[in-house]
1. For a Förster distance of 22 Å, can you work out the FRET efficiency between the beta-carbons of R278 and S132, rounded to the nearest 0.05?
2. Roughly speaking, what is the stretch gain from M499 to K156, that is 0.36 nm per residue apart minus the C-alpha to C-alpha distance, in nm to one decimal?
3. Give me the percent relative contact order of the chain, please, defined on Cα pairs under 8 angstrom at least 6 residues apart.
4. Using the Karplus equation 6.51 cos²θ - 1.76 cosθ + 1.60 (θ = phi - 60°), what ³J(HN,Hα) coupling, rounded to whole Hz, does each residue of the stretch 758-766 give in order, writing x for Gly and Pro?
5. Would you mind classifying the stretch 71-132 by shape? Square roots of the alpha carbon gyration tensor eigenvalues, ordered a ≥ b ≥ c; an a/c under 1.5 is rounded, otherwise it is prolate if a/b is larger than b/c and oblate if not.
6. Taking amide hydrogens as modeled 1.01 Å from N in the peptide plane, which residues meet the under 5 Å criterion relative to L44, leaving out close sequence neighbours?
7. Dipole of the stretch 241-361, Cα-centred, from +1 at each Lys and Arg C-beta and -1 at each Asp and Glu C-beta, to the nearest 20 debye?
8. What are the ³J(HN,Hα) values, in whole Hz, obtained from phi via the Karplus relation 6.51 cos²θ - 1.76 cosθ + 1.60 with θ = phi - 60°, for each residue of the stretch 792-797 in sequence order, with x given for Gly and Pro?
Amino acid sequence: MSEPLPLPAIHASHAGTWLRDSNGSTRGCSKGEAVMAAADTPLLLLNAPLVANRLGYPDLSGLDLLELFAFVRPARFCVPTPKGLAEALDLAVPDSDDEVPLLLQRAAARMMEICESTDWAERDVAWSTLQSLARLRWPWAQVLAPHVRKPERAEKWLFSRLPEWEEAPERAQPQQVALDELAVEGHLERLTGEGAEKREGQRLFARGAGSVFAPRAQDKRPHVLLAQAGTGIGKTLGYLAPASLWAERSGGTVWVSTYTKNLQRQLRRESTRAWPERRADGSRPVVVRKGRENYLCLLNLEDALQGGFSGRPAILAQLVARWAAYSQDGDMIGGDLPGWLGTLFRKRGIAALTDQRGECVYAGCPHYRKCFIERSARASAQADLVIANHALVMVNAARGRDHAQRPTRIVFDEGHHVFDAADSTFSAALTGQETIELRRWIVGPERGNRGRRRGLAARLADIASYDEAGGEAIKAAVAAAQDLPSDGWLARLADGTPMGPLEALLAQVRATTYARDESGQEAGYGIETETASLPGELVEAAGTAAQALAAIRTPLMKLAGRLEAVMADAPDWLDGQGRARIEGARHSLAWRIDLLAAWEALLSRLGGPADADFVDWLAVDRNDAREFDIGLHRHWVDPMKPFAHTVLEPAHGVMLTSATLTDRGEEGPDWPHAVARSGATHLEIAPRTSQSDSPFDYANRAEVLIVTDIRRGDIAGLAGAYARLIEASDGGVLGLFTAIRRMRAVHGRIADRLARAGLPLYAQHVDPIDTGTLTDIFRDDPRASLLGTDALRDGVDVPGRSLRCVVMESVPWPRPTILHRARRAAAADEPGGAKGHDDRIIRARLAQAFGRLIRTREDAGHFVVLSSAFPSRFLSAFPDGTPVIRLTLAEALQRVAHGVHAVTGSETESA
Ligand code: SF4
């Protein structure tokens, strides 16, 4: 075992604080002592923001082992806890908090050894990066310097190490083939493997899935299948079997779209049964494709490395450069960049390194041929299977650059989320943040702003000098964009000194929203108001703002026309790369022109009669009483209408699948409603439907406990219930809340008490850790518990003992927002009426949350709802046969402590 590095170390948890000095003794100490020690000398610590949070001292810094790990082991996985670090470095896992400081010393020493070893896999470019980090005064640089030897030859720099993508010929149209059911079954058998247990549900599911690949009989009328498949039937292989068979026979591409990253990872794993990692020509048959804002932009990174970033963000840029050299695909969000790296630096550094604003200059970029985004787009054009997410599939269909690359055979897994994804894709928001983004895109850097951001004029300088009318249009657009909000707009609105017509409008929006606010107790969070009976000043300001927007849109349209003309009659100097750049510019122009038109449409309706298809409202977005955005919003009442026309209509075969595709009311699955929610009815298509039930033994593996003696609004009682349930189950609890405020209050009351019992408690919005990493921590430690809100309700896939109890704070009623109210009103004429609409939402939430509990045949556990009045009509949300027991907290604690079905004698209802 490594000799500990003789530097002082600190560890702080909710249970206490421990210091270890350089000569080897560990002692417990007060928070104050710890802060003094950290101010004196840099201490070894793990996850500085988390330790700072525990000590209540935000300025804490030191020698963070996670930063060192990111340098020594870039693009490798590590759960950012003492246990996770120990496992990642093959060290003994500490048994208690007081052993952690010694572990930190050992881990530091171990990483120094790795740097010295001859077989350090990530040695390349380490020495030169370390020199840059030393100049930036990275605290580790001095400690590491003696252990990283200078290479004999000068190191290549990152950008020259990255491979270039190859241009490939366009793929031919897929051949029209129909899959017969026997062939699909045979293929499924090959994929599941000889001797695998035959699953009837999976076979039926696969046969049904095969039907969406049949040739289309009529234009604009795709095959649509809605397939409900209970957890555990093996639906992933169930659709991958026909998908891979069709791809092989037709030469076409199938897109599988998911909502969560977990499922993307699982699909990547399972697809290896159907496809090799690489084809004979070296290309990849399976590609994960995400929105461009997920990937590292090399031009932004270069800018950050060359002075665009300073201080801590500059250190982050160096560590990201280390990662980029070893990353599989340059995906910064949910890929192989550790999710914790961004939070260590507390600023939005990661976002600034991606192409958030669509400022890409395409072929005009010196890194175009190495660009991760371009590489992934090209790879997906040649792939048999593209794994993507709902938002990307929809955005691609709505404004994809290349028609040939638009998906035509799509499987939407986690299909119950398609509605929400369509809701946000097809909505419009005219807010301060959105408009300032547009200004930056057109105008570029202003008033000494650093960075590589270029405006339209710089991006299209050659066109401006070649084509006079084009040059004039650019100038006119830049001049008109001065009317958009600029830096400092929020402060000016608060001071009552707005500048320009858009800020004037936002000031009116803000004033009206506050004037009408009646939320009271929710003070500090977002507020909103409808667009009915607006004051005359606001309507007038909207008219002026709409004119200002039109004045920007007109020259942009002219410019788009000029670019088209230049392409049609291309000058000699315009080479292939130049054409690609103009193509890119045309594409992003078209998108901005549509955006401006949508904003103008939104403004033109203010003060007039409402459009039954849309819901409009004004909002001030706040976080802890701090305003961060203000503006107007428009959503479709039924977003599946635009979905049907942009996604379904051009497709040939679409399947939506999920365990919770239909509502399960008291009369059983509600297929008519699921069909209406698929969008198919807008094309007058009657989709096929199928149903495969879960093979899990819910009756014997799970119990729903409805605790009836916790009063609503009694925070102390709620916190006490959570603490006792976590103690009874010895951790392994996922706690779900509908309000962040209540979750924080509960966490604040119980975290210390639980930590002293060796039961770590983590929480979203409390711990400075991203949600994906929180889930990794929770999965890794069977005694840990995790509290969270919506994102955890169905984004968590933790099979096994780590998750053995789900506790919901109450019935998950929908929030009464303006959008919810409008959809509720629209549902008034449907069967079940407006109340039925709410019931469906609640049952869906309960079903999703319950779905976290039993992930495999071996899983078992309790699903607890703290609700004194849980209506029986919601019980059908749980799988058939699951026992439901109404009981007191004391009784529930007994059942949780003894495990499922260990206690008898209570009255049981059945789901
Ligand atoms: S091609 Fe675009 S996204 Fe890629 S590195 Fe260059 S500017 Fe960034």
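1. Working: r = 34 Å, r/R0 = 1.57.
That pair, R278 with S132, gives E of 0.05.
2. Details: separation 343, 0.36 × 343 = 123.48 nm, distance 4.91 nm.
Computed gain between M499 and K156 is 118.6 nm.
3. Working: 1626 pairs, mean separation 121.0, N = 911.
Rounded, it is 13 percent for the chain.
4. With coefficients 6.51, -1.76 and 1.60, one gets x, 10, x, 10, 10, 8, 4, 6, 10 Hz.
5. Details: a/c = 2.34, a/b = 2.13, b/c = 1.10.
Prolate, because a/c is 1.5 or more and a/b exceeds b/c.
6. Answer set, sorted by chain and number: A9, I10, L63.
7. Numbers: 18 positive and 12 negative charges, 77 e Å.
For the stretch 241-361, the charge dipole is close to 380 debye.
8. Listing the rounded values in order: 8, 5, 9, x, 9, 10 Hz.
Each reported figure results from applying straightforward, stated rules to the coordinates on display, with no laboratory input. What you are looking at is a predicted structure, and each value in this text was computed from that prediction instead of being measured. All Cβ positions, even for glycine, are placed from backbone atoms using ideal geometry, and neighbour counts span all protein chains on display.
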